[in-house]
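The values are calculated or read from the model by the stated rules, or taken from the named source; none is laboratory data. What you see is a predicted model, and the numbers here were worked out from it, not measured in a lab. Cβ: placed from backbone, ideal geometry, glycine included. Neighbour counts: every protein chain shown. Calculation scope for accessible area: heavy atoms of the full protein, side chains included, ligands and nucleic acids excluded. Shrake-Rupley method; radii C 1.70, N 1.55, O 1.52, S 1.80 Å.
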Amino acid sequence: YTQIFGCRASMPISRVTVSQSLTCLSPKARAFVERSVALCQPEHVHVCDGTDSEADMLLKAMQDQGTITPLPKYQNCWLARTDPADVARVESRTFICTKRERDVVPAAKLGKKSALGNYMNIPTYEKAVGDRFPGCMRGRTMYVIAFSMGPVGSPLSKMGVEVTDSAYVAYSMRIMTRIGNRVMEVMREKDEAKVVKCLHSTGSKGIAGWPCDPQRTLILHRPSENEIVSFGSGYGGNSLLGKKCFALRLGSVLARREGWLAEHMLILGITDPEGNKRYIAAAFPSACGKTNLAMMTPTLPGYKIECVGDDIAWMKFDSDGVLRAINPENGFFGVAPGTSEETNPIAMASIFKNTVFTNVAETEDGGVWWEGMTKDPGTLTDWKGELWDSSSTTPAAHPNSRFCTPANQCPIIDPEWESDEGVPISAILFGGRRPTGVPLVVEARNWRHGVFMGATMRSESTAAAEHNTKVIMHDPFAMRPFFGYNFGDYLKHWLSMNKSNREMPKIFHVNWFRKDDQGKFLWPGYGENCRVLDWVLRRCDNMNCFTETPLGLVPSKGALNTDGLGEIDTDALFSIPKDFWLQEADAIEKYFRDEVGSDLPNVMWEELDGLRSRLLA
Ligand code: GTP
Ligand code: SPV
Ligand code: MN
C-alpha cells in the first residue's frame, strides 16, 4: 500500500470483515474504500445497501453507544445530543486545498487571512491527514455510503462515496441523500471518474455518547482530486459530506468547470390565482429563512406554494435557454427553534415521523420542544441533558438545533421535485437579516446589477456557525462559507451566464428583518412573504407596478398587496436613507478592495459607481 491522501497506509483489506463484497462498488469507488481501510484500519466494513434492516442496525448501534434515544411520543423519531463543543459548522477549521493559493483566495488577500476563502497548501494538507487518520478507526466499524446528489441517474445529478466511522452520519445520509444498491448500480454503469471521494472520522478513540475531537477538527476539500476529508466533528455540515462540502464547495468548482451554478438556495413552486405556475430560487445565509420560505403557507387567497428544496440548488441553462434547477438533497436538515404551527405548519406536518432531532429539548412525555414551538412546555430535559423549566436562564434547545427529515414527508413537496431535467426558474432572490436601512424588496435593473446585489449581500450573524456576536457580516450570495474557488472568478462565472439566447431570470433583493426604533419587526414575515412573491411574479410578467429608486425597482404606491394586514408602515419598510446607503457603498468599496482586489470584475466597480451616482443625483 502506497500513498493515500498523501500519507502512508498499511493495513490490507483482507484483514477486516466486510458486510457485502466490495465488488458491488465501481472499481474506482472500491479502490478508494480499500485505500481508506488501509489508512484508518477499521475492524469491520459495512457497505450500506439502503434496506430497512440496515436502518434498524444503525439505530441499535447508536442507542447502544448512547448517541441517540427514542422519542416515544412519535413514530420512529430519535433525539441526538452532541458534545457541547460540536454544535455547528466550524468555518475556522474548513479549508480548500489547491496547488495555487490564488485558485481559492482573491488577489487582495494572498498570503493573508481572507474572509472569502480559507486556503491550505498541499503539504500542510498531507501532514494534517497523516497526523489524524492512520489507525483512527481501529476496533470499530467503517460505514461505506454510496450516494447520489440529485435524482439517481439524472443528467444534473452527481455521485459520491462517503466512508465514515459514525453511525449517526450513515443514518443521516440515508435521509439527506439517495443511497444504497440502486446508486451503486448506476455508479458501476456511469462514468465513475467523477465520483466524489469523501472520508470522514469523528476522530474519537471511544464511541460512547457523542464521539468527536473538537480540538483537532478539520474539514478539507481537494477539488483537483474530487476529494473531501473531514475529521473530528459529527455535526451537520461538517460530517454529512454530501451537503455543504460536496454540493456547494466542490459543487461550485464543478459548476464553473461545466458551465452551471451550485448555490445555497431554496427552490419553490408558486401557483398564482390564475393557475399560472412558476419556480423561484432564493439565497439567504444560514438561519435566515430558506426553509421557512420554501414551505410557506401563503396568506393571499388563491396562491399555492410547493417545495422543491430548502437549502441547495444546482442550476443549468438547458438547450432552450431556460435555467433548470434541481435540489440535490433528499431531506431537510432544518433549524428547529422558531418552527411552530404559526410560523411553519408545513414543517410541523413533516417532522414528527422518521426524523432525527439533534440538540433540541425533550418533554416529559417523550416529545421534543424548542424555543418558539409552543408557549408552555412544562418541565424539560434541555439539549445538554439537564432539567429545565421556564425559570431557567439558558435556552432549552441549542439555537442551531435541527431536524433531519425525509423530503418526501413534506405535504407540499412539489410533484416535479425529483424530475430529471429540473424545474424552470423565473426569478432569483437574494436576502439577509438587515435590521436597518434595507427595503423589503428591490428588483435589480438587469442581470449584472443582480450579480452586484448578490456580491454585496450582508447579514446579521446567526448560530448556524461558530460566530457568537451579532454583527453585520458580508455574505455574498449567501455563499461566503461555501465558495470552493476564488470569489472574483465566481463573479465572472455568474456574469458569463448572461447570454442573449437565454431567458435570464429576474433578480431581486429581499429583507424580511427590518426593525423599527423599538426593535420590532416592521414586516410580519413568514406566510405574509407571499405578498412580496406576488409582486415578484407580476414583475416577471413585466407589469408596470414599480418605481425606480437609487437601489433598483421597488413596488409603486399601492402595488404591494397589503390588504387585510392591519397596520403596516410601508414608508418605513421602503425608505432608503441616503446617509445609510452612502455608508453602505463605502463598506462595499472597502470590502471589494480589501478582500477581492484585482480579481474583482470591473463591472462590479461600475455598478458601485452607478449606485453612488444614483444616490447623489
Ligand atoms: P439554514 O438551514 O441554516 O441554511 O437556514 P435557513 O435559511 O433555512 O433558515 P430557516 O428558514 O430555518 O429560518 C431560521 C430562523 O429565521 C428561524 O428562527 C425562523 O423562525 C426565522 N425566520 C424565517 N423566516 C422569517 C421571516 O419571514 N420573518 C422573521 N422575522 N423571521 C423569520
Ligand atoms: C447551514 O448552516 O447553512 C445549514 C446547516 O444548512 S449545515 O448543514 O450544518 O451546514
Ligand atoms: Mn444552509
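Numerical summary
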{"read-out": "Long-range amide H partners of Ala361 with built H, under 5 Å", "value": "Trp369, Ala397"}
{"read-out": "Alpha-carbon centroid distance for the pair region 466-526 / region 166-242, whole angstrom", "value": "28 Å"}
{"read-out": "Other-chain or far-sequence residues with amide H under 5 Å of Ser401's (modelled H)", "value": "Ala336"}
{"read-out": "Average Cα contact separation per residue, the chain, under 8 Å, 6 or more apart, as relative contact order %", "value": "15 percent"}
{"read-out": "Distant-in-sequence amide H partners of Gly432 (H built 1.01 Å from N, under 5 Å)", "value": "Val510, Trp512"}
{"read-out": "Efficiency of FRET from Cβ geometry, Ala587 and Lys304, R₀ 35 Å, rounded to 0.05", "value": "0.35"}
{"read-out": "Modelled FRET efficiency - R0 30 Å, Asp49 with Glu258, Cβ distances, 0.05 increments", "value": "0.50"}
{"read-out": "Phi to ³J(HN,Hα) by Karplus 6.51 cos²θ - 1.76 cosθ + 1.60 over region 177-185, Hz, x for Gly, Pro", "value": "9, 8, 10, x, 4, 5, 5, 5, 4"}
{"read-out": "Length-normalised contact order of region 19-173 in % [C-alpha pairs under 8 Å, at least 6 apart]", "value": "30 percent"}
{"read-out": "Cα gyration tensor shape for region 284-330, rounded if a/c is under 1.5, else prolate or oblate", "value": "oblate"}
{"read-out": "Potential extension, Ala107-Lys499 segment - 0.36 nm per residue separation minus Cα distance", "value": "138.4 nm"}
{"read-out": "Whole-number percent relative contact order across region 292-422, with pairs defined as alpha carbons under 8 Å at least 6 apart", "value": "31 percent"}
{"read-out": "Helix-derived mean residue ellipticity, 222 nm - over the chain, DSSP H n ≥ 4, -39500 (n - 2.57), to 500", "value": "-7000 deg cm²/dmol"}
{"read-out": "Residue order for Asp571, Asp534 - accessible surface, 1.4 angstrom probe, largest first", "value": "Asp571, Asp534"}
{"read-out": "Gained length - Ala85 relative to Glu225, 0.36 nm times residue gap less alpha-carbon distance", "value": "47.3 nm"}
{"read-out": "Principal semi-axes in Å for region 49-88 [√(5λ), Cα gyration tensor, largest first]", "value": "20, 14, 10"}
{"read-out": "Chain lengthening between Gln518 and Glu466 when straightened (0.36 nm per residue, less Cα-Cα)", "value": "15.9 nm"}
{"read-out": "Spherically averaged projected area of region 269-387 from its Cα convex hull (nm²)", "value": "9.5 nm²"}
{"read-out": "Protection proxy ranking, peptides 75-87, 149-161, average beta carbon neighbours within 10 Å, highest first", "value": "149-161, 75-87"}
{"read-out": "Binned Cα-Cα distances of region 416-553, short to long, each 10 Å bin given as a whole percent", "value": "10, 35, 38, 16, 2"}
{"read-out": "Three-way shape call for region 260-301 based on the alpha-carbon gyration tensor, with the a/c threshold at 1.5", "value": "oblate"}
{"read-out": "Cα centroid separation, region 258-300 to region 373-423 (Å)", "value": "20 Å"}
{"read-out": "For region 419-434, Karplus couplings with θ = phi - 60° (6.51, -1.76, 1.60), whole Hz, Gly/Pro x", "value": "5, 4, 8, x, 9, x, 9, 9, 8, 10, 10, 10, x, x, 8, 10"}
{"read-out": "Simple spin-label estimate for Asp389 and Asn561 in nanometres, 7 Å along Cα-Cβ", "value": "4.8 nm"}
{"read-out": "All-pairs Cα distance distribution in the chain, expressed in whole percent, bin size 10 Å", "value": "3, 17, 28, 27, 17, 7, 1, 0"}
{"read-out": "Nearest 10 degrees, 0 to 90: helix 167-176 Cα axis against the chain principal axis", "value": "40 degrees"}
{"read-out": "Formal net charge of residues neighbouring Pro476 (Cβ-Cβ distance under 10 Å; K, R +1; D, E -1)", "value": "0"}
{"read-out": "Largest-first ordering by accessible area, 1.4 Å probe, given options Met504, Met120, Met543", "value": "Met543, Met504, Met120"}
{"read-out": "Approximate spin-label separation Trp605-Arg138, in nm, with each point projected 7 Å along Cα-to-Cβ", "value": "5.8 nm"}
{"read-out": "Antiparallel DSSP beta bridges within the chain, as percent of all bridges there, nearest 5", "value": "65 percent"}
{"read-out": "In order through region 51-65: 3J(HN,Hα) via Karplus (6.51 cos²θ - 1.76 cosθ + 1.60), integer Hz, x for Gly, Pro", "value": "7, 5, 5, 5, 4, 4, 4, 5, 4, 5, 4, 5, 5, 4, 8"}
{"read-out": "Between 0 and 90°, nearest 10: helix 122-132 axis offset from the chain longest Cα axis", "value": "50 degrees"}
{"read-out": "Distance violations [Cα-Cα > 30 Å] among Lys28/Lys499; Lys194/Lys492; Lys304/Lys557; Lys190/Lys506; Lys127/Lys244", "value": "Lys28/Lys499; Lys190/Lys506"}
{"read-out": "Cβ-derived FRET efficiency at R0 45 Å, Gln63 paired with Thr549, nearest 0.05", "value": "0.20"}
